[in-house]
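**Q** Shown below is the structure under consideration.
Readers should treat all values here as calculations from the given coordinates under stated rules, not as data from a laboratory. Owing to the predicted nature of the structure, the values given are computational and were not obtained by experimental measurement. Heads up, the Cβs are rebuilt from the backbone with ideal geometry, glycines too, and the neighbour counts pull from every protein chain shown.
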Amino acid sequence: MVGNSSDKISLIGAKGLIRRDFTDSVNDVMQTVGRNTFETIKRALLPALAILIIANFLGYAIMGANGILSWGDYRRQKAERLVQLAELNAEKVRLAHRSALLDPGGADPDLVEETVKRELGVVRPDEVVIPLD
């Protein structure tokens, strides 16, 4: 029976549903925590610091300059650089062809005349220069 005085466990509060030895142990723990707050904080400091450091590294791994979210930006930059590289290669081929035409051993006379007139500004008064570029 619950109300029997011969029971070793006495019930208190909440219509007798909470056992007295449990409430006594909770009270003992609460008093111990109150007295040893500094020790409790000291014990929790290292794990808390470790969690903060790990969270910092995770934040940089996700949102940092080299993080997961920046991969899309790297792909976009790579595509832009590939387009720029193709343009530069086309310019390189064009300049290689032009330098072959200006080779002193077999220069194209029309190209030499055009280049001299454009670069040096040697144009007679009766000539009209039409740039093709």
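**Q** Going by a ≥ b ≥ c, the root eigenvalues of the Cα gyration tensor, does the stretch 40-132 fall in the rounded group (a/c under 1.5), the prolate group (a/b larger than b/c) or the oblate group? Could you put the intermediate results ahead of the total?
**A** Values: a/c = 5.87, a/b = 4.72, b/c = 1.24.
Prolate is the answer for the stretch 40-132, as a/c is 1.5 or above and a/b outweighs b/c.
**Q** Filter the GluC sites (Glu not before Pro) in the stretch 39-133 to those in DSSP coil with at most 15 other Cβ atoms within 10 Å of their Cβ, and list the result. If you can, show how the numbers build up before the last one.
**A** On the way: sites: E39, E80, E87, E91, E113, E114, E119, E127; in loops: E127.
Passing sites in the stretch 39-133 are E127.
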